[in-house]
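Remarks on the structure that follows.
The values are calculated or read from the model by the stated rules, or taken from the named source; none is laboratory data. It should be emphasised that the depicted structure is a prediction, and the values quoted were computed from it without experimental measurement. Backbone-built Cβ (ideal geometry, glycine too); neighbour counts: all protein chains shown.
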Amino acid sequence: MAFDGVNIWATEHDPASSLVHKIRAADGAFVTSCNLGANGLWPNTPAFDGTNMWVGTNNGFVVKFSTSSCSVICSANVGGRVYDEAFDGTNMWVTNFTNSTVTKINSSCVASTPVTVAGGPVGIVFDGANLWTANQSANTISKITLPSMTVTSYNVGTLPQYIAYDGANIWVTNITSGTVNRVSTTAPLTQNTSFTTCGSTTSSPLTVLFDGAHVWVGCSTALGKM
């Protein structure tokens, strides 16, 4: 899901659907559904750039659309399965799990040459200076140093999925380990700690979010706060 300051946006993750639902955050009331058309089929995670919403799909497209009118502004085909997006203030960055790449897309949906991030990146976050990805198949997270695009990877738990930034550390969920790793952005080699979350090592943590004070983890049977 994504928050635009007023509403929550949730995709209908189905191979035959291209819908993204708009829900008023204040009371949970359904507002409308936006149809992203053929390029928006099988939508994954949405991301907000401060004005418009972006959605990656399992079919390899990234679609930018208006939060007010639902109209599609532009789209880009980056190939493979696009799981997650991160906005750096100017460009949107997307993970491509199938091709093990990360691609920068400008405001006109023009994609730059992708950078290789080994291990099937899923989640991605911007820390204000650099990008970080969670790489499911390699059991690592990667720091993409900007603007050089140098990639440095660090071991975490098993099958890392999604990733969040708290202002000093990266938090990543490890779905098979039942853990969350906290990794310092300034000392990732020496400050990399694993925590069991949601009460057990079989909790299957998937999503992670920082609310300004606490880290929240969505698990298969519970919600954890750290």
Worksheet item: When residues of segment 53-71 are filtered for being buried (at least 18 other Cβ atoms within 10 Å of the Cβ) and without any contact (Cβ under 8 Å) to a residue 24 or more places away in the chain, how many remain?
Response: 2
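Quick test for you: out of Ala2, Ala25, Ala47, pick the one residue that is buried (at least 21 other Cβ atoms within 10 Å of the Cβ) and under 20 Å from Gly218 (Cα atoms). Give the steps one after another, and end with the answer.
On the way: Ala2 fails: buried (at least 21 other Cβ atoms within 10 Å of the Cβ); Ala25 fails: buried (at least 21 other Cβ atoms within 10 Å of the Cβ).
Of the residues listed, the single one that is buried (at least 21 other Cβ atoms within 10 Å of the Cβ) and under 20 Å from Gly218 (Cα atoms) is Ala47.
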Discussion item. Of the conditions (1) touching a residue at least 40 places away in the same chain (Cβ under 8 Å); (2) more than 16 Å from the chain's Cα centre (by Cα), Ser108 satisfies every one except a single condition; which number is it?
Written reply: (1)
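Just to be sure before I move on: is Asn135 more than 29 Å from Asn181 (Cβ to Cβ), out of contact with any Lys or Arg (no Cβ under 8 Å at 6 or more places or on another chain) and at pLDDT 95 or above in the structure I sent?
Details: more than 29 Å from Asn181 (Cβ to Cβ): no; out of contact with any Lys or Arg (no Cβ under 8 Å at 6 or more places or on another chain): yes; at pLDDT 95 or above: yes.
So Asn135 does not fit the description; no.
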Item to complete: Test each condition in (1) surrounded by 18 or more Cβ atoms within 10 Å (Cβ to Cβ); (2) under 24 Å from Pro15 (Cα atoms); (3) outside the structural domain of Ala16 (by TED's automatic domain parsing) for Val78 and report the one that comes out false.
Response: (3)
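Would it be correct to say that Ser137 is within 24 Å of Phe65 (Cβ to Cβ) and surrounded by fewer than 17 Cβ atoms within 10 Å (Cβ to Cβ)? Show your work before the answer.
Working: within 24 Å of Phe65 (Cβ to Cβ): no; surrounded by fewer than 17 Cβ atoms within 10 Å (Cβ to Cβ): yes.
Here the answer is no, as Ser137 does not meet what is asked.
Please pick out the residue among Ala111, Ala134 that is within 26 Å of Thr51 (Cα to Cα) and small (Gly, Ala, Ser). Spell out the reasoning first.
Details: Ala134 fails: within 26 Å of Thr51 (Cα to Cα).
The conditions single out Ala111.
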Worksheet entry | Index of the failed condition, His13 passing every other in (1) within 19 Å of Gly123 (Cα to Cα); (2) surrounded by 14 or more Cβ atoms within 10 Å (Cβ to Cβ); (3) not hydrophobic (A, V, I, L, M, F, W, C) | (2)
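Return the only residue of Val94, Val151, Val82 being more than 17 Å from Pro43 (Cα to Cα) and of a type outside the set (Asp, Glu). Give the steps one after another, and end with the answer.
On the way: Val94 fails: more than 17 Å from Pro43 (Cα to Cα); Val82 fails: more than 17 Å from Pro43 (Cα to Cα).
Answer to the check: Val151.
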Practice prompt. With respect to Gly128, determine if the residue is within 18 Å of Pro205 (Cβ to Cβ) and small (Gly, Ala, Ser).
Written response: no
